[in-house]
Amino acid sequence: MNDPRRSLPSVDRVLGEPVLARGIETLGRNFVKDRVRTALAELRAGAGAPPTSSRAPSDASAASLAAAVADALPPAPTSLREVINATGIIVHTNLGRAPLSEAAQAALIRAAGATDVELDLDTGRRSPRGEAAIAALATAAGAGAHVVNNGAAAIVLACHVLAPAGNIVLSRGEMVEIGDGFRIPELIAATGVEIREVGTTNRTHLRDYLEAIDARTGFVLKVHPSNFLVEGFAGGVGIDVLAQEAGVPIVVDIGSGLLGPHPFLPDEPDARTALRQGASLVIASGDKLLGGPQAGLLLGEPELIHRLRRHPLARALRVDKLTLAALEATLLGPPPPVAAALARTREDLRGRAHRIAEATGGRVVDTDAAVGGGGAPGVCLPSAAVALPERYAAALRAHHPAVMGRVLDGQLLLDLIAVDPREDADLISALKIILGEGGP
Ligand SMILES: *Cc1c(COP(=O)(O)O)cnc(C)c1O
């Protein structure tokens, strides 16, 4: 008879409510319209009590419905949320790997509009794409440089340029699965290049390589086992020996993207050392230990780099202006968050953990943090954390910004090594809210 569902306002009526004007401006009309439609559909289905008013039912319900929709609108039309990385893993793949420095963030925002990525503003003519970013990388690596979408794309391009319709030689000890089920040998096989596996899981000798190399061999590939350790009776052949003896180019996938040796990570390979040892080409990711945007770095002999850049596939793998801007700022600007995290001391981290625990409850514990993301496997970084009962983990993940810790032995550890000190205040306020709700 007097079913309030009949008097539901129209979508346009709700959209016209002033309370939604700001949301429409920041999120777009279609985005907000979708939310209004969903809210109306829920009411029609009886999911919630429809808002009514005795005086002007349709008007009032439009206003209160609009208010409810406005309340639930996100701040931006993207679902990606900010996360405080309290996992104790500095380069966390599921959290987007390296966080960008402020300089890199500013650079990519500046480049977001029309920008001179492929234009010489002095002459008004076309210029090589991302010239300055590539030059910065070349200078830092002391070699020719090219940049593609990611490390995997760099491997694909190297296969097409250096081993078309041929083979490459790869040790069985370096047949790496890089994550999410993707494997380097399968990636290479997908390019149509044949892989000649040599040696065994634990040991590969120079003679294994030499027996496998033939006239169709494009290169010997060395892959850094970046996410696991082989200990005991194990060994491979160094880049220097292969470069002298193999008679074909040596391509080295170092994984993490260190351009030079790192004082705290003595076992992590770096580009300059690999090139000095005789590698023709070094491949690395931009968003691991380099601390920059997702990118695949190709570093090596200028003539070879030129061939890589001119291959038709290079066009399909090329990076956008945002990547180039962020990469250049990472290379030339202040140390990125990954470098800052690596430099933190346990003493410092304990101090911060004490201040947080005092404000919120929780215990301070020492932890072993990790580089993560395919870098420095087995390296324990001395760190400290605030320990809480595990039951708070889900609520902290649901908070804005989300707080992601790690659960160990029934405890939730909020490890501070990868947390910027400027995020401590956000962490404290999240903890106050969540621990307050959860009782003592
Ligand atoms: C991470 C990694 C890759 C893959 O690089 P992406 O940038 O993720 O495509 C390849 N090889 C090694 C050794 C790695 O560690």
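All of the numbers you see were taken from the coordinates with simple rules; none came from a lab. This structure is a prediction, so every number in the text was calculated from the model and none was measured. Because the Cβ atoms are built from the backbone with ideal geometry, glycine has one as well, and the counts that use them run over all protein chains shown.
Direction-averaged projected area, Cα convex hull, the chain: 28.5 nm², rounded to one decimal. Pick from Arg391, Arg126, Arg37: which residue has the top mean-square fluctuation in a GNM of the chain where Cα pairs under 10 Å get a spring? Comparing Arg391, Arg126, Arg37 in the GNM, the peak value goes to Arg37. Sites counted here are chymotrypsin sites (Phe, Trp or Tyr not before Pro) in a DSSP loop (not H, G, I, E or B) having no more than 14 other Cβ atoms within 10 Å; the longest part of the chain that contains none of them is 1-227. Among Ala132, Ala430, Ala63, the largest mean-square fluctuation in a Gaussian network model of the chain (Cα springs under 10 Å) belongs to Ala63.
Under 17 Å from a label point set 7 Å out along the Cα-to-Cβ vector of Ala234, the amide N atoms of the stretch 264-286 belong to 266-269. Modelled this way, with points 7 Å down the Cα-to-C-beta line, the labels at Ala76 and Arg276 are 4.1 nm from one another. If R0 is 41 Å, the Cβ-Cβ spacing of Asp320 and Glu211 corresponds to a FRET efficiency of close to 0.40.
Arrange the peptides 402-412, 335-345 so that the one whose residues have, on average, the most other Cβ atoms within 10 Å appears first.
Values: 402-412: 16.5, 335-345: 19.3.
Highest-to-lowest ranking by the protection proxy: 335-345, 402-412.
Here the label points at Thr139 and Phe31, each 7 Å from Cα along the C-beta direction, are separated by 3.9 nm in the simple model.
Between Cys380 and Arg422, the contour length at 0.36 nm per residue exceeds the alpha carbon distance by 12.7 nm. Taking label positions 7 Å along the Cα-Cβ direction at both Arg44 and Ala189, the computed distance is 5.2 nm, reported to one decimal. Placing +1 on each Lys and Arg Cβ and -1 on each Asp and Glu Cβ, with no other charges, gives the chain a dipole about its Cα centre of roughly 1140 debye.
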